[in-house]
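Chemist: Below are the structure tokens for one structure; questions will follow.
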Amino acid sequence: MLAQLTMTRKLLFTLFPLTLIILLGILQFIHVTVDKAVTDKAIIAAEDLALAEGERVVENLVMRLGGIEDLTSAVKTINQFPAHQRRGIINSFLKSHLENYPSMLGTWTIWEPNALDDMDDFYQNTTGHDASGRFASYWVRHKGKISNEVIVGYDAADADYYLVAK
């Protein structure tokens, strides 16, 4: 069959598949090389993004920790005030702290029975106090407004936010 073809057709018949194989090989090499380069760049970009976001989160936490330390220092001085003013002062600290940190959702404190001022009986069922009068004040931001609520369920078996810290 090849003997009947012209020289041009014989060359095309033999060189075309060889050229096609070489071209496909080059395309495969380019594809693998570009794919690896793009993947490497994507990994580097993801690592850079993760590092930047991690630094942002750490900065945010450090800033919040500083605010919490300030709040803690202020509350530690509470015994310098008359007993009947202590709850109001702590509520002012908590509310002010929440106002100063707009991205924070809430601040709270829970005191053991009569530990703050021995006046739990007087404060029963008032704002920021439960039926026992225990000081359990929660300042919360909801739809841009800050309000004071009483913390409930802190003595439940699964109230880790309180029981573990206690």
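Chemist: Could you tell me the center-to-center distance, by alpha carbons, between segment 124-166 and segment 1-20 in angstrom?
Modeler: 89
Chemist: Now a separate question. Relative to the longest principal axis of the C-alpha atoms of the chain, give the angle of the C-alpha long axis of helix 7-76, reported between 0 and 90° and rounded to the nearest 10°.
Modeler: 10
Chemist: ARG56 versus SER92, label points 7 Å from Cα toward the beta carbon: distance in nm?
Modeler: Spacing of the two 7 Å Cα→Cβ label points: 3.7 nm.
Chemist: For a bin width of 10 Å, list the pair-distance distribution of segment 9-116 built from all Cα-Cα distances, rounded to whole %.
Modeler: Spelled out bin by bin, segment 9-116 gives 11, 22, 14, 10, 9, 8, 8, 7, 5, 3, 1 percent.
Chemist: Could you give the nm distance between label points at TYR162 and PHE122, where each point is 7 Å from its Cα heading toward the beta carbon?
Modeler: Output for this residue pair reads 2.2 nm.
Chemist: Still on this model: What does the convex hull of the alpha-carbon atoms of segment 81-146 project to on average, in nm²?
Modeler: 4.5
Chemist: Taking a virtual spin label 7 Å from the Cα of ASN148 along the C-beta vector, which residues in segment 94-125 bring their backbone nitrogen under 11 Å of it?
Modeler: Under 11 Å, as judged by backbone N against the label point of ASN148, lie 94-96 of segment 94-125.
Chemist: Another question, if that's okay. Which lysines, if any, have their Cα less than 26 Å from the Cα of LYS95, not counting same-chain residues under 8 positions apart?
Modeler: The qualifying lysines are LYS76, LYS143, LYS145, LYS166.
Chemist: For the chain, modelled as a Gaussian network with Cα springs under 10 Å, which listed residue fluctuates most, ARG56, ARG134, ARG86?
Modeler: ARG56
Chemist: When each pair of different Cα atoms in segment 48-166 is counted once in the 1/r mean, what is the Kirkwood radius in angstroms, to one decimal?
Modeler: 15.7
Chemist: Kindly state, to the nearest 0.05, the FRET efficiency for SER132 paired with ASP70, given R0 = 30 Å and r defined as their beta-carbon distance.
Modeler: Numbers: r = 30 Å, r/R0 = 0.98.
Given R0 = 30 Å and the Cβ-Cβ separation, E is 0.50.
Chemist: Determine, from the Cβ-Cβ distance of PHE16 and ALA45 and an R0 of 35 Å, the FRET efficiency 1/(1 + (r/R0)^6), rounded to the nearest 0.05.
Modeler: Working: r = 42 Å, r/R0 = 1.21.
The computed FRET efficiency comes out at 0.25.
Chemist: Any chance you could give the angle, 0 to 90 degrees and rounded to 10, that helix 83-100 forms with the longest Cα principal axis of the chain?
Modeler: On a 0 to 90 degree scale, this one is about 20.
Each reported figure results from applying straightforward, stated rules to the coordinates on display, with no laboratory input. Only a predicted model underlies this, so the values are computations on that prediction, with no experimental measurement involved. Note: ideal-geometry Cβ built from the backbone for every residue, glycine included; neighbour counts use all protein chains shown.
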